[in-house]
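Undergrad: Pasting a structure below so you can have a look.
The values are calculated or read from the model by the stated rules, or taken from the named source; none is laboratory data. These numbers come from a predicted model, not from an experiment. With ideal geometry, Cβ positions are generated from the backbone for all residues, glycine too; neighbour counts draw on all protein chains shown. What goes into the accessible areas is simple: the full protein's heavy atoms, side chains included, and nothing from ligands, DNA or RNA. Shrake-Rupley method; radii C 1.70, N 1.55, O 1.52, S 1.80 Å.
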Amino acid sequence: MGREEKRLGLITAPGYPKELGEALVKELPELLSYYVEDNYNWEVEYTVDALTGVTENSEDVLEATMDRSKKKNWDFAVCLTDLPLFKGKFPVVAEAYEDGHVALISLPGLGSTPMIKRVRESILQLVNEIYYGSSDKEREQAEHRIQSKDDDQHEELRNKSSTRLMGKRGLEWLSPIQRETPHEEDSNIDVRFTVKSRISGALRLLTGMVRANRPWAMFPAFLKVIVFAFTTGAYALVFPTLWNLSNNYGIWRMFMLSVVSIVAMVGWIIIAHKLWEKPNDKRAPYLRKLYNGVTVLTLLVSVSLYYMLLFFIFSLAVVAFIPMGMLKSQLTGDAGYVNYFYIAWTATSVSTIIGALGSVLEKEEVVLSSTYGYRQRQRYEQIKKEEDEEQEDGQGVENAQELKRVK
């Protein structure tokens, strides 16, 4: 007789969480057998649900997870959301509801460090807590079961504490995740993992949200801007004026030009593509400020990558366009190859300020999708569309039944 089957469902928000679900679905069955119960054949499925990406209330997320779990006939369900969740003023990393056999993970709460490993260990821990229980005695029994295994293949999991969401990391002490078993009358949460330090929690949340925005994914939208900026800078590069400017600029002025050009570019993108979140009755003020801050940080990363690429291109152009003999004849004092570096640096900043600010990014959808507010608006529209379709289908069934009764 074959072993009984247990089904775990992963529910992900659209976008980056979906990619994580696709990456984890194949490797989790073996790990669940090891870390939870090896008397079952584990099957892992995943699905995308926009509702898990539109609400900042963890109880609403868990309720939606339970509804989907019942429809799919899953034994356990874990939701991965890219939204920041809070309990009071502290970021929530994960929660589990034992009776409902459901849990959630807020990806921003995991920070910006390697994500797959952290999510994988978090899922295993939450399913383990749901299966065995979250009391101190139940945790001790679960830990004893794991440590009694002789299998060294998963030694890291075997040595992990049964009360830790993830294994220890080198920088974990800067922003430790704390476990609590709340006893709240108005809540079904059996175990919750939070970051109790407001400063380190804010840093963890901000970096995690920037990672969820994937600033590198926005980079292809800069291709047109790079061409436009390089064309502008290359034209100025052949004139000695730029050479003399770079030769007379101090290092502080060079850094100031870099900062001004990057900040100006970020501001222009926000204005041109209307990325700034305005006051909204549907969203708490602190969340609007958080989203705007994350948008700025995401664009700073993207524009900084753009700036470094443009600097590299100009460095090659300077060496190709400007002979050393001509450079020495135009500059006062000693001139050398270090001047190439300063000329490329100046050309990058100037071309960014003068040239790139006059253009609009290509692939606007990619830029907009890298902001939380836009993604949530898209998900709200998707949910509304699905609800309208369900109502139309229901009305169609009612009309068909009524017609049948008339006949």
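Undergrad: In what order, largest first, do LYS328, LYS26, LYS278 sit by accessible area if the probe radius is 1.4 Å?
TA: Result, largest first: LYS26, LYS278, LYS328.
Undergrad: A follow-up question, please. Which percent of the accessible area of region 9-134 is formed by carbon and sulfur heavy atoms (probe 1.4 angstrom)? Could you put the intermediate results ahead of the total?
TA: Details: 1800 of 4120 Å².
Looking at region 9-134 in its full context, I get 44 percent from C and S.
Undergrad: Here's something else I'd like to know. Can you give the local net charge around GLU98? Use residues other than it whose beta-carbon is closer than 9 angstrom to its beta-carbon, Lys and Arg +1, Asp and Glu -1. Kindly include the intermediate steps, with their values, before the conclusion.
TA: On the way: positive: none; negative: ASP99, GLU129, ASP190.
Once all neighbours under 9 Å are counted, the net charge is -3.
Undergrad: Each residue of region 316-332 in order: what ³J(HN,Hα) in whole Hz does its phi give by Karplus 6.51 cos²θ - 1.76 cosθ + 1.60, θ = phi - 60°, with x for Gly and Pro?
TA: 5, 5, 4, 5, 6, 8, 10, x, 4, x, 5, 4, 5, 6, 9, 9, 8
Undergrad: Mind listing the long-range amide H neighbours of VAL25? Cut-off is under 5 Å, sequence gap 5 or more, other chains count too, H placed in the peptide plane at 1.01 Å from N.
TA: Residues meeting the amide H criterion: none.
Undergrad: Next up: Using a 1.4 angstrom probe on the protein heavy atoms only, could you order ILE146, ILE354, ILE262, ILE251 from most to least accessible area? Each step should come with its number before you reach the end.
TA: Working: ILE146 5, ILE354 115, ILE262 30, ILE251 85 Å².
I get ILE354, ILE251, ILE262, ILE146, largest accessible area first.
Undergrad: Residues with amide H under 5 Å of ASN41's amide H, sequence separation 5 or more or different chain, H placed in the peptide plane at 1.01 Å from N; which?
TA: Sorted by chain and number, the residues that satisfy this are GLU4, GLU5, LYS6.
Undergrad: Full-extension gain between ARG198 and LYS289, please, as 0.36 nm times their residue separation minus the C-alpha to C-alpha distance. Display every interim value, and only then the final one.
TA: On the way: separation 91, 0.36 × 91 = 32.76 nm, distance 1.61 nm.
Full extension of this stretch gives 31.2 nm more.
Undergrad: Rolling a 1.4 angstrom probe over the protein heavy atoms, how many square angstrom per residue are accessible across region 198-278? Each step should come with its number before you reach the end.
TA: Numbers: 4260 Å² over 81 residues.
So region 198-278 comes to 53 Å² accessible per residue, rounded to a whole number.
Undergrad: If you don't mind, there's one more thing I want to ask. Can you run phi through the Karplus equation (6.51, -1.76, 1.60; θ = phi - 60°) for region 336-348 and list ³J(HN,Hα) in whole Hz, with x for Gly and Pro?
TA: These are the phi-based 3J(HN,Hα) values: x, 5, 5, 5, 4, 4, 5, 5, 5, 5, 5, 4, 5 Hz.
Undergrad: Here is a follow-up. At 0.36 nm per residue, minus the direct Cα-Cα distance, what do MET324 and ASP60 gain on full extension? Give it in nm, one decimal, please.
TA: On the way: separation 264, 0.36 × 264 = 95.04 nm, distance 6.67 nm.
This chain segment gains 88.4 nm when fully extended.
Undergrad: To continue, here is another question. Heavy-atom accessible area of ILE199 with all protein chains present, probe 1.4 Å, nearest 10 Å²?
TA: Roll a 1.4 Å probe over it and ILE199 shows about 130 Å².
Undergrad: Find the accessible area per residue for region 73-125; the probe is 1.4 Å, ligands and nucleic acids are left out, and the unit is Å².
TA: Values: 1350 Å² over 53 residues.
Each residue of region 73-125 exposes 26 Å² on average to a 1.4 Å probe.
Undergrad: How much accessible surface does PHE255 have with a 1.4 Å probe, in Å² rounded to 10?
TA: 120 Å²
Undergrad: Further question: Any idea how far apart SER135 and SER112 come out in nm if each label point goes 7 Å out from Cα toward Cβ?
TA: 4.3 nm
Undergrad: How large is ³J(HN,Hα) for each residue in region 188-196, as worked out from phi by the Karplus curve 6.51 cos²θ - 1.76 cosθ + 1.60 (θ = phi - 60°), to whole Hz, x for Gly and Pro?
TA: 9, 6, 9, 8, 9, 10, 9, 10, 7
Undergrad: Can you pick out the pairs among LYS26/LYS87; LYS71/LYS117; LYS26/LYS72; LYS224/LYS274; LYS89/LYS137 whose Cα atoms lie more than 23 Å from each other?
TA: Check vs 23 Å cut-off fails for LYS26/LYS87; LYS71/LYS117; LYS89/LYS137.
Undergrad: Still on this structure, I have one more. Please list the non-local residues whose amide H lies under 5 Å from the amide H of THR47, H modeled 1.01 Å from N, same-chain partners needing a gap of 5 or more.
TA: It is LEU10, ILE11, THR12, by chain and number.
Undergrad: Among 268-274, 302-308, how do they line up by average Cβ neighbours within 10 Å per residue, starting with the highest? Don't jump to the answer; show the numbers that get you there.
TA: Details: 268-274: 15.9, 302-308: 19.4.
Highest-to-lowest ranking by the protection proxy: 302-308, 268-274.
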